[in-house]
Amino acid sequence: MSTFKNEAVMNYPVEQVFRVFKETAKRDFPNFDEQDPIGTYVERNIGAYSVKQAKMKVEITDFKNNEIYEISSYQGKTLYKSKYQFISTGENSSKLILEENQYNEGAVNFLNTMIGAIFFKGRVKKRFKFLIKGLQDQIEKNSNCST
């Protein structure tokens with residue numbers, strides 16, 4: 001199992017940060033039901049620009065309003081989990097924790113863990129910073145639209 005964990009404190013209430021995730025879920029999962037979203041899934045084609053294409057199932061596997069948003073992606077014998085935790089750190093401040101895990105069956109799992117730890121840690125951190133920037137931009141956009 002490969003695990004990567006990143007966190008950031010944002011100068012927005014947890015409700016504003018989580019709202020962006022709900023809006024994205026409503027767009028990405030056509031059958032999204034805010035009251036009972038766990039188990040909602042979509043199937044996507046991946047590898048559009050490569051020779052080999054595959055299908056991936058993406059499913060909401062945990063959801064607690066303003067606390068947790070977790071998706072699991074399945075492709076073949078590989079499972080990817082992305083768990084977002086939202087923690088209020090004050091009236092206008094919140095912490096976002098992202099924990100990403102990759103599970104593979106057999107000896108491949110050990111090899112992937114080693115390779116991931118060596119080569120992908122920097123890439124994961126850059127992707128997380130990009131996520132935080134995108135969240136901040138979307139929150140600001142939402143704030144400007146409501147005024």
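Below is a table of values for the structure above.
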{"item": "Residue that is open to solvent by less than 70 Å² (accessible area, probe 1.4 Å) and among the acidic types (Asp, Glu), where the choices are Glu59, Glu67", "result": "Glu59"}
{"item": "Any hit, the stretch 28-51, residues being modelled with pLDDT under 95, open to solvent by 90 Å² or more (accessible area, probe 1.4 Å) and closer than 30 Å to Gly90 by Cβ", "result": "yes"}
{"item": "Scan of the stretch 80-100 for residues that are of a type in the set (D, E, K, R) and surrounded by fewer than 15 Cβ atoms within 10 Å (Cβ to Cβ), ordered by number", "result": "Glu91"}
{"item": "Residues of the stretch 12-31 classified as among the polar types (S, T, N, Q) and free of Cβ contacts under 8 Å to residues at least 12 places away in the same chain, total", "result": "2"}
{"item": "Residue check for Ala8: assigned to a helix (DSSP H, G or I) and surrounded by 14 or more Cβ atoms within 10 Å (Cβ to Cβ)", "result": "no"}
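Results for (1) farther than 20 Å from Ile132 by Cβ; (2) in contact (Cβ under 8 Å) with a residue 12 or more places away in the chain, shown as yes or no for each residue.
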site	(1), (2)
Lys5	no, yes
Met10	no, yes
Asp33	yes, no
Val42	yes, yes
Thr61	yes, yes
Asn65	yes, yes
Ser93	no, yes
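The values are calculated or read from the model by the stated rules, or taken from the named source; none is laboratory data. Bear in mind the structure is a predicted one, so any value in this text is a computation, not a measurement. Every residue, glycine as well, gets a Cβ built from its backbone with ideal geometry; the counts of neighbours run over all protein chains shown. Surface accessibility is based on the protein's heavy atoms, side chains included, excluding ligands, DNA and RNA. Shrake-Rupley method; radii C 1.70, N 1.55, O 1.52, S 1.80 Å.
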